[in-house]
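Okay, structure first, notes after.
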Amino acid sequence: MSPNLTNGSQPSFARPGTIDPDGRAGLHGITQTRPIKGRRLSLRPGLLILVLASASFTAASSAYATDATADQPWMDKAQSPDVRADLLERVMTPEERIRLVHGSMPILMKNRAADIIGSGYVPGIPRLGIPALRETDASLGVAAVSDHVEATALPSGLAAAASWDPEVAYRGGAMIAGEAAAKGFNVLLAGGVNLARDPRCGRNFEYLGEDPLLAGSLAGEAIRGVQDQGIISTVKHFAINDQETGRRVIDVQIDLAALRESDLLAFELAIERGNPGSVMCSYNRINSDYACANRNLLQQTLKGDWRYPGWVMSDWGAIRDAKAAVEAGLDQQSGEEIDKMLYKQSVEQVVGQASFDSDRLHDMVHRILRTMFARGLFDRSPSPRAIDVQADAQVAQQVAEAGIVLLQNRDRLLPLDEATARIAVIGGHADVGVLSGGGSSQVLPVGGAALSLPVPKGTASFIHGILFDPSSPLDAIKAETPKADVRFASGDDIAAASALAQNSDVAIVFATQWMAEEADASTLALPDGQDQLIEAVARANPKTIVVLETGGPVLMPWLPHVASVVEAWYPGQRGGQAIARVLFGRISPGGRLPVTFPADTAQLPRPQIPGWDLPRPAYPGGPETAFAARYTEGANVGYRWFDARHLKPLFPFGFGLSYTEFKYRNLSLKGGRTVSADFDVTNTGLRAGIDTPQLYAEISAHGTPPVRRLIAFSRVALAPGETRRVSLTADPRLLAAFDESGSGWKVASGDIRVVLAPDATSTALSGGVKLDPNTIAP
Ligand code: BGC
């Protein structure tokens, strides 16, 4: 619940800037007592067992920063974070240092104080003014996890990525951080940047698509948005946790160069741009070592090549061998109750041994403290901020509007004519709200979920059910066109829906696909007979518009029979309004696909998800059969795979229509150490609109034929008739091949083709440039 909401019970805050008699400062966290209206509150299955075993929640002391005093020289803000961390560490006892390198999962803590909520907690050290780390999941808003915390629900990550707009990502991050701070959190488990290597991955909706440049740039901006609010953000899940099936046991095998040029490049760019305080290592193995105990990943790449100064925290239940993990570069164990319960692993025990390398412990502690200093956690006393739910909902709506992609628009059926008299709205629970994705990122929206449906049988998912955000597209459509006769059919009865469509001027079918953490989709087909519903409605009325609320790409067997298709992803707290505004042309759709929509799953590198046939664990973390999967596509993720294999997708990466048209002219290209391009973009239509010119280079790496790579893009808003000259310069790493022997990124000399295009498969203008050979440090 947001502190400025007045219905239901009030969150209880202690007085600003005070320390209560238990030694707890005010303002950290709220006590939320209101249950979700009429809905079962849930715990992660599996964790339920652990929770039941945990003791009663009696108050325990927690710690917060106190004011600086003369005997606390580390409170001197004029010193650098590293110096301050050193000064502080010098006076810490061994026990105090160890206390920082392992954390709890609040719902599993014994004797938990009521204000300790969220996903993670590392107690502070009051004697030294070290504040507690209070962590919440926050990819798409402050997540509900096990607490009944309402927050503004942003659209899915893919929706934000479809904006191709770093500013949109920044605003979303800043909004989440503002709400998180108001609820007392200071670490956000955000910044998910795993590539959409397989469109069936259950968590793609949380992430930012299939391209390292697009995903890395937007993740970096979202992280910057968070951290500019004085809050630490993670980037996660490091790395190549690109499928949910068997995520705890899969051994992903991939060539190092390919890994650096794909998933790790997305992380590298996100880290450079966003400077996240922490990196969360993932569950899976990579080339035989678990990610959280992978020297190549943590020591060599992250802390070595990239000189990353922050700390590495583990994903919850990702430590199989605590000693191996800390030796490989893990700095902090998260949710230790889970590792202890499932795998008997404790970082506290390992680092507590007299034989443990004191330099390593110093490094672990230093990284955590210097980051806390760098982000100002010691210097700002927590201040209660009322959440402006209206302003935050506006941000959610802007992200949704920026990310909606118009995929088809036959005979320009859209935008809808104001004079359209009879409108049929069908399916997708559009009468109550819009779908959201499941898992640890699940936000309980402001106002409560509009609808909660049971999760499909056998889905090892999280406990909230399938939640719909309270933003009814039906109501929003009615509000846009008050004079029209707008009627709703649930779609459960196909004959009734068809009859309604037949008696209407247009039919708008809402189709949904729920995706969630811990579960991949077996198929890209829309579930629950929705294809048949759409076919039948389109037969009854060819003026059929399909609005998709999906976790990612879906198949569209009905495409030739419908007029228009709008991809709205999971559109969040104000999704209904955003969809209605696009349908009625209040804005021209400006989103472009951040993922390839395949025509068939047979086109994917792996027609079946590795491990799919193996028995599922009875509960998350339960015993399961380990397996290896070789990702043979290497760095050719998404559109690059389609290009390399000459496959024709249903809709290509980068694609999206507008209500106006754009033309590119006067392309001038420059080669040398990198590629630069200057060109004109003109809005040749009659409406204002947003275009996203994309620059691709055809690069041959490691002796393979040239494949397109996105090397730069821009988002340009243009009035009718307006022309803008755009200049783009590529990051040379995008033109290079990574050299596994350690020398770095190598740009080969020679002529390459550069293409300016509205998507990954077409060509508007192109030209050749000559590249000079050069090497960029790894
Ligand atoms: C997820 C993380 C999340 C963590 C804490 C894990 O299961 O993979 O993304 O941050 O739980 O909730």
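Only the coordinates and a few stated rules stand behind these numbers; no lab work does. From a predicted model like this one, the values you see are computed outputs, not experimental measurements. Note that each Cβ is placed from the backbone with ideal geometry, even for glycine, and that neighbours are counted across all protein chains shown.
Observations on the model:
- The distance from the alpha carbon centre of the stretch 194-218 to that of the stretch 122-165 is 19 Å, rounded to a whole number.
- Cross-link partners of residue 746 among lysines (Cα-Cα below 30 Å; sequence separation of 8 or more within a chain): 236, 303, 670, 770
- D (Stokes-Einstein, µm²/s), Kirkwood Cα radius, the stretch 390-528, 1.306 mPa s at 10 °C: 94
- Each of the peptides 493-502, 360-369 was scored by the mean count of other Cβ atoms within 10 Å over its residues; in descending order, highest first, they stand as 360-369, 493-502.
- As an equivalent ellipsoid, the stretch 575-685 spans semi-axes of 38, 24, 13 angstrom, where each value is the square root of five times an eigenvalue of the C-alpha gyration tensor, largest first.
- Cα-based convex hull volume of the stretch 398-460 per residue, rounded to whole Å³: 182
- Length available on full extension from residue 753 to residue 358: 0.36 nm per residue minus the Cα-Cα distance, which gives 136.9 nm.
- Between the stretch 322-359 and the stretch 237-306, the Cα center-to-center distance that results, in Å: 19
- Placing dummy labels 7 Å off each Cα toward the beta-carbon, the span from residue 741 to residue 93 is 5.4 nm.
- Neighbour counts of C-beta atoms inside 10 Å place 457, 648 in the sequence 457, 648, starting with the fewest.
- Taken over the alpha carbons of the stretch 451-531 as equal point scatterers, the Debye sum produces base-10 log I(q)/I(0) values at 0.16, 0.22, 0.25 Å⁻¹ of -0.80, -1.16, -1.29.
- Working ranking of peptides 695-703, 581-589, 422-430 by packing, defined as the average number of other Cβ atoms within 10 Å per residue, highest first, is 422-430, 581-589, 695-703.
- Working from the Cα coordinates of the stretch 679-723, the gyration tensor eigenvalues give, after taking √(5λ), semi-axes of 32, 8, 7 Å in decreasing order.
- For the chain, a simple Cβ point-charge model (Lys and Arg +1, Asp and Glu -1, everything else neutral) yields a dipole of about 400 debye relative to the Cα centre.
- Separation between Cα centres of the stretch 683-725 and the stretch 612-637, rounded to whole Å: 36
- Exposure proxy for 164, 745: other Cβ atoms within 10 Å of each Cβ, ordered fewest to most, give 745, 164.
- Rounded to the nearest 20 debye, the dipole size of the stretch 696-778 about its Cα centre is 220 debye, using +1 on the Cβ of Lys and Arg and -1 on the Cβ of Asp and Glu.
- The distance between label points at residue 348 and residue 680 comes to 6.9 nm (points 7 Å beyond Cα on the Cα→Cβ vector).
- In this simple spin-label approximation, residue 625 and residue 410 carry label points 7 Å from Cα along the Cα→Cβ vector, and these lie 4.6 nm apart.
- Loop-resident trypsin sites (Lys or Arg not before Pro) (DSSP state other than H, G, I, E or B) in the stretch 235-270 with no more than 13 further Cβ atoms inside 10 Å of their Cβ are absent.
- Descending semi-axes in whole angstrom, ellipsoid equivalent of the chain, from the Cα gyration tensor: 41, 32, 24
- Gyration tensor verdict on the stretch 636-740 (Cα atoms; rounded if a/c is under 1.5, prolate if a/b is larger than b/c, oblate otherwise): oblate
- Fully extending the segment from residue 613 to residue 775, taken as 0.36 nm per residue of separation minus the present Cα-Cα distance, adds 53.9 nm.
- Where only alpha carbons of the stretch 711-778 are counted, the Rg and the Dmax (Å): 15.5, 52
- Debye, to nearest 20: dipole size of the stretch 149-223, +1 on Lys, Arg Cβ, -1 on Asp, Glu Cβ: 180
- Peptide packing: for 634-641, 449-456, 552-559, 375-382, the average count of neighbouring Cβ atoms within 10 Å per residue gives the ranking 634-641, 552-559, 375-382, 449-456, highest mean first.
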